[in-house]
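Right, one structure below, let's go through it.
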Amino acid sequence: MPFSFPTGRARFAVAVAACALALTTLVGCSDGDGGGDSATKSAASPSAGGPRVTIDNFKFQPASLTVAPGAKITVINDDTTTHTLTATKGASFDTGDLAPGKSATVTAPAKAGEFPWDCTIHPFMKGTLTVK
């Protein structure tokens, strides 16, 4: 039996069904977080309003950050390569390897002071955490 294309309302119904199937397939294939594994240490959904450092174009932004003791800091890698944000004295915080598009949370030291950091992969990338 030969196939005939639907016309009128039937054509519209077929088009709507095809679009719904396509959207369902696309949404079903997404895990909603951009894909991949969570960052090492503690995974983070960047919290609104909390302290954060963004890595982009081989720079920490901001390069200097002041927080309260024990503050949770979200680190977001918006660059095209893997980076770390690692304390250079006393190993008090470290994101571990942070792949492009991923984020992690580190905890500021409990004691006041200045804590320099760098990227262990790219040591020319530097910053300072001040805890008050």
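The values are calculated or read from the model by the stated rules, or taken from the named source; none is laboratory data. Predicted model only: the values in this text are computed from it and were never measured. Cβ atoms come from the backbone with ideal geometry, glycine included; neighbour counts cover every protein chain shown.
Candidates THR40, THR84, THR130, THR105: the one that is at pLDDT below 95 and of a type in the set (Val, Ile, Thr) is THR40. The single condition from (1) touching a Leu at 6+ places or on another chain (Cβ under 7 Å); (2) at pLDDT below 95 that SER92 fails is (1). When region 100-118 is limited to residues that are surrounded by 14 or more Cβ atoms within 10 Å (Cβ to Cβ) and assigned to a loop (DSSP other than H, G, I, E, B), the one that is nearest to the chain's Cα centre (by Cα) turns out to be LYS102. Scanning for something surrounded by 14 or more Cβ atoms within 10 Å (Cβ to Cβ), hydroxyl-bearing (Ser, Thr, Tyr), within 17 Å of PRO123 (Cα to Cα) and assigned by TED's automatic domain parsing to the domain that holds LYS111, does region 65-81 turn up at least one residue? Checked region 65-81: no residue is surrounded by 14 or more Cβ atoms within 10 Å (Cβ to Cβ), hydroxyl-bearing (Ser, Thr, Tyr), within 17 Å of PRO123 (Cα to Cα) and assigned by TED's automatic domain parsing to the domain that holds LYS111.
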